[in-house]
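Undergrad: Sharing a structure here in structure tokens format.
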């Protein structure tokens, strides 16, 4: 075949028929590797790898302002922190290190960071639900303790703020010699006149904190969306997925081997022919 002066001749064009011929020729090698890999993956998933069950729990996060509670991200980090996991580990698996025990839990924020989803894994279905139940109790207790401590500090600061505004006027009340009730009323009026809106805001903040303190259990009660579940089937190993991945990888390896063997066997006779001519 002749080519014009402007024609470009490609000496390394890929012959798809030749490639397909190699795959057909080496099909038993490729299929054999795939069958062996699938069988090995099925055997490992069934007889070697231990089953893993996951119990899930989901709830709305407590609705407290950030000065008393936590942000959604802080709640998520706190869920797998030492104060929460240590009592669970001590009850469920004291022989396991805390770092290894933490790997049994996964945490996720959903619904615009308003819902916390936690999964606890164990070798048995009942064991995973027990872990999730113990975790929920420890988390709830920890959140309540955290909120109570911050509320007590905030309330003490609010009381001190109100007291400091009234402290300078105590001498006036003593000088007037009023009884307790008229004296307190006079101090309220004097403080309001002296500090204006600042005193009113301090009183409102103290009242707000006292109201939260009186109803703290209801503020911290977790609104459950899903109580700790009893899984019906293991989440791992995923036998079908493992077999599929093994088949794909074995097929790729088989294709590489097929072309490698074809290239090696194709170059060997040419090398011998060159040696005989010499």
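Undergrad: Condition (residue is modelled with pLDDT under 95, touching a strand residue (DSSP E or B) at 6+ places or on another chain (Cβ under 7 Å), closer than 30 Å to residue 233 by Cβ and in the same structural domain as residue 84 (by TED's automatic domain parsing)) applied to the stretch 102-110: is it met by at least one residue?
TA: Within the stretch 102-110 (the criterion being modelled with pLDDT under 95, touching a strand residue (DSSP E or B) at 6+ places or on another chain (Cβ under 7 Å), closer than 30 Å to residue 233 by Cβ and in the same structural domain as residue 84 (by TED's automatic domain parsing)), the answer is yes, since at least one residue qualifies.
Undergrad: Which residue is farthest from residue 232 (Cα to Cα), if the candidates are limited to the stretch 111-129 and must be touching a helix residue (DSSP H, G or I) at 6+ places or on another chain (Cβ under 9 Å) and buried (at least 19 other Cβ atoms within 10 Å of the Cβ)?
TA: Selected residue: 116.
Undergrad: Oh, and also: Against the definition (surrounded by 13 or more Cβ atoms within 10 Å (Cβ to Cβ), at pLDDT 85 or above and either more than 17 Å from residue 144 (Cα to Cα) or assigned by TED's automatic domain parsing to the domain that holds residue 254 (or both)), how does residue 24 come out, yes or no?
TA: no
Undergrad: On to the next question. When you scan the stretch 134-168, how many residues do you find that are farther than 27 Å from residue 84 by Cα and either in contact (Cβ under 8 Å) with a residue 24 or more places away in the chain or not in a helix (DSSP H, G or I) (or both)?
TA: Summing the residues that are farther than 27 Å from residue 84 by Cα and either in contact (Cβ under 8 Å) with a residue 24 or more places away in the chain or not in a helix (DSSP H, G or I) (or both) in the stretch 134-168 gives 7.
Undergrad: Only one of 257, 240, 222, 210 is modelled with pLDDT under 90 and out of contact with any strand residue (DSSP E or B) (no Cβ under 9 Å at 6 or more places or on another chain); which?
TA: After applying the criteria, what remains is 240.
The values are calculated or read from the model by the stated rules, or taken from the named source; none is laboratory data. As the structure is a prediction and not an experimental result, all values here were calculated from the model. Here Cβ is always computed from backbone atoms with ideal geometry, including for glycine, and neighbour counts include all displayed protein chains.
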